[in-house]
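Notes to accompany the following structure.
The values are calculated or read from the model by the stated rules, or taken from the named source; none is laboratory data. This structure is a prediction, so every number in the text was calculated from the model and none was measured. Cβ coordinates were reconstructed from backbone atoms using ideal geometry, including for glycine residues, and neighbour counts include every protein chain displayed. Surface accessibility is based on the protein's heavy atoms, side chains included, excluding ligands, DNA and RNA. Shrake-Rupley method; radii C 1.70, N 1.55, O 1.52, S 1.80 Å.
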Amino acid sequence: MAKIAGMAVTTVFGERLWIQAADQGTSNAWGRWSIFTIDIRNAPAGQNSVDPTLLLLPILSSRQAGPTQQEVLLVRDEVADMAWGVEKTVALASGISRPGSEVAKQTFNYLQSLIPGGSTSPLLAAAARYQAMNSVPEHWIPFIPVHLPNNNREVQLQRAALPRILIGDSTPAQKVQPLTSLLRQGLDATSAQTYFLHEEEVPRAGARLTEYYSRSRWSNGQVHTWLRAHRSKWAGVRHRADWRLIAWSIRTAARPSVAA
């Protein structure tokens, strides 16, 4: 708790002035004004019912940050009226982190190799071939707008899932689930739960979510280490053409199905 009795100000003319707080006097005084003050419980009537002290919460002056364990980019797709959670960095079970695009592609190729006669790149006799569209990478997790319960106006972004289409697989397509703990909220529970994002959490410029270990010392010298999740802005506007290309692929393919 800190209390400032006043402040000495020296002007350019050499005058030294003593300035007190503006919230002096009784609470019902016409010139009294204050902000971030604390009320006094059971204060006598007619007296100052505000405590002039200021609560200063302890904060860290410095800390050490480790390498990024997980990283997710939240981007808007205004053409498709939805949002995407792009898993840029994924933490593996071994403790190391790898690019989400590599992990997604290796996972797909491994599952494709388990199918008899399946192939990720079918052989063609022609020297060149044209592909009308491609599939959405598995490290792109869709978020679709849904109405709030008993509300026809306000909407939130609900985590959805795209089907994993394997060549030669006759079984029903499985849903692609996120690999990062930042987007897997509720999936690892006994009964899978839905996950929502407020629309204001995904601005037009995008957002960047990172998870990494931090280390610091407290005032008594004790060392503390914790896993920190940090949200910051991400200037993804310059890549808006990429989002339009992906949105076109989705509109020509299947819409995302809502995941549990």
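Computed FRET efficiency, Cβ-Cβ of Leu92 and Ala22, R0 45 Å: what is it to the nearest 0.05? Let's see the in-between values first.
Details: r = 57 Å, r/R0 = 1.27.
Efficiency, from the Cβ-Cβ distance: 0.20.
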Would you please put 77-87, 222-232 in order of how densely packed they are, using the mean number of other Cβ atoms within 10 angstrom per residue and starting with the highest? 77-87, 222-232
Peptides 106-112, 8-14, 51-57, 139-145 ordered by average Cβ neighbours within 10 Å, highest first: 139-145, 106-112, 51-57, 8-14
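Using the heavy atoms of the protein chains and a 1.4 angstrom probe, tell me the accessible area per residue for the stretch 48-187 in square angstrom. Could the numbers behind the result be given before it?
Values: 8580 Å² over 140 residues.
That works out to 61 Å² for each residue.
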Quick one: pull the percent of accessible area on the stretch 150-223 belonging to carbon and sulfur, 1.4 Å probe, ligands and nucleic acids left out. 46
